Amino acid sequence: MDELKIIIATNIASLRKNNGMTQAELAEKLCYSDKAISKWERGESIPDVTILKQVADLFSVTVDYLLSWHDGNEAIPATRDAQSKKNRLLITAISSGSVWLIVTALFIIFSISGIRINAGNWMVFICAAPVSLTVLLVFTSIWGTKKIRALIVSLLMWSILLCICFAVKTPKIWLILIIGVPAQIIILLSFGIGRRIGK
């Protein structure tokens, strides 16, 4: 029985790690606590048959796979969720990178043609930050977590304020940044309230 616990523990941990999941994420998908997952992975207990079936289905393996030893050279199957997650990250990175490609092209075109922006041609790079963050916000609104959205909204707000600071010529430029403090508090509160309502 102890050997079976070790086999199941090893297989669950390997599948979870191979699919880029934390114990908490696996626990959420199985409607269990992360402490239960931790006990399973340490071999202190075994999930019941129905949970083994759920784990097998989640990772696209058979229950027999979970109950058998596998050598280190055998490929551990990745779920569609893991592949989908990689694809989402790739799409997001390509979209955000495209913004920087366009901005670099504009900078080169402006420099070659002699076009001058009042604040300087380098301003296109500063203004690209909010645009790039807006693209990221769109994708994280579809695929991302609430914490990542909160981070991107905060970065977006600060990058817009910095663009304004660089564009506006004033000796008291720090006054513009003061707007960011209450705005940051509002962002944090709004994401905190949404989390509590969603529970």
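Check 181, 131 and return the single one that is surrounded by 12 or more Cβ atoms within 10 Å (Cβ to Cβ), at pLDDT 90 or above and assigned to a helix (DSSP H, G or I).
Within the list 181, 131, the selection yields 131.
Out of (1) under 26 Å from residue 183 (Cα atoms); (2) not in a helix (DSSP H, G or I), the odd one out for residue 117 is which?
(1)
Please find, among 84, 33, the residue that is at pLDDT 85 or above and of a type in the set (Gly, Ala, Ser).
None of the other options fit; the residue is 33.
For segment 184-196, state whether one or more residues are within 30 Å of residue 59 (Cα to Cα) and either assigned to a helix (DSSP H, G or I) or among the hydrophobic types (A, V, I, L, M, F, W, C) (or both).
Looking through segment 184-196, at least one residue is within 30 Å of residue 59 (Cα to Cα) and either assigned to a helix (DSSP H, G or I) or among the hydrophobic types (A, V, I, L, M, F, W, C) (or both).
Across segment 37-57, which residue is surrounded by the most Cβ atoms within 10 Å (Cβ to Cβ) among those that are among the basic types (Lys, Arg) and under 12 Å from residue 8 (Cβ atoms)?
Within segment 37-57, the match that is surrounded by the most Cβ atoms within 10 Å (Cβ to Cβ) is 39.
May I ask you to list the residues in segment 128-144 that are in contact with a Leu (Cβ under 8 Å, 6 or more places away or on another chain) and among the β-branched types (Val, Ile, Thr)?
134
Do you know which residues across segment 1-36 are in contact (Cβ under 8 Å) with a residue 40 or more places away in the chain, among the small types (Gly, Ala, Ser) and either crowded, with 18+ Cβ neighbours inside 10 Å or in a helix (DSSP H, G or I) (or both)?
Matches in segment 1-36: 14 only.
The values are calculated or read from the model by the stated rules, or taken from the named source; none is laboratory data. These numbers were taken from a predicted model, which means no experiment stands behind them. Don't worry about glycine lacking a Cβ; one is built from the backbone with ideal geometry, like all the others, and counts go over all protein chains shown.
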